[in-house]
Amino acid sequence: MKQPTRRTSKPVEKKTTDEQVKLYLTINPLLKSAFDEVKEFSKKKQDEELNIKKVKMINRLLEKAKEILKDEPTVDYLELLDEDELPTNSDAVLTMSQFISAMNKFHEDHYHYENNMLSWDNEGHWK
């Protein structure tokens, strides 16, 4: 009788870099904080335009988020806020919520249990 073959799990492909992890840990709370503020503006005046200073500040965060997500499939669906045609509060909320969802997906895909410990799937010291 043939012995059953033992299944071994494939090693998890390491997809993130130390730089992505560091940037994620820096940008994610700032992005969520900015989102909360814009969401509050939107509750009061959803059709009011954001000023250029706020758009530039938010875009700086969104650009860094795109750096983190550069190898993720979600990046194809993310766009920065338009600085020429200033977005309304509700437009900014929609755009920012897409980025936050993509960042949450990044975390879900790359931060997991390994040997009974939570860790990032990178080779660096963030494990």
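All told, Leu31 falls short of being at pLDDT 95 or above, in contact with a Pro (Cβ under 7 Å, 6 or more places away or on another chain) and open to solvent by less than 90 Å² (accessible area, probe 1.4 Å). Summed over the range 75-89, the residues that are crowded, with 17+ Cβ neighbours inside 10 Å and in a helix (DSSP H, G or I) give a count of 1.
Restricting Glu79, Glu67 to those that are more than 16 Å from Thr95 (Cα to Cα) and at pLDDT 95 or above reduces the list to Glu67.
Could you list, in sequence order, all residues of the range 34-54 that are surrounded by 15 or more Cβ atoms within 10 Å (Cβ to Cβ) and not charged (D, E, K, R)? Hits for the range 34-54 are Ala34, Phe35, Val38, Phe41, Ser42, Leu50. One residue stands out among those in the range 99-127 that are under 16 Å from the mean Cα position of the chain (by Cα) and open to solvent by 80 Å² or more (accessible area, probe 1.4 Å): the one that is modelled with the lowest pLDDT, which is Glu108. For Met57, state whether it is open to solvent by 70 Å² or more (accessible area, probe 1.4 Å), modelled with pLDDT of 95 or more and of a type in the set (A, V, I, L, M). Yes, satisfied. Residues that are surrounded by 12 or more Cβ atoms within 10 Å (Cβ to Cβ) and not polar (S, T, N, Q) within the range 60-74 comprise Arg60, Leu61, Leu62, Lys64, Ala65, Lys66, Glu67, Ile68, Leu69, Glu72, listed in sequence order.
Restricting attention to the range 27-67 and to residues that are outside any helix (DSSP H, G or I) and in contact with a strand residue (DSSP E or B) (Cβ under 9 Å, 6 or more places away or on another chain), the residue that is farthest from Tyr77 (Cα to Cα) turns out to be Lys45.
The values are calculated or read from the model by the stated rules, or taken from the named source; none is laboratory data. In this text the structure is predicted, and so the values were computed from the model without any measurement. All Cβ positions, even for glycine, are placed from backbone atoms using ideal geometry, and neighbour counts span all protein chains on display. The accessibility values were calculated without ligands, DNA or RNA, using every heavy atom of the protein model including side chains. Shrake-Rupley method; radii C 1.70, N 1.55, O 1.52, S 1.80 Å.
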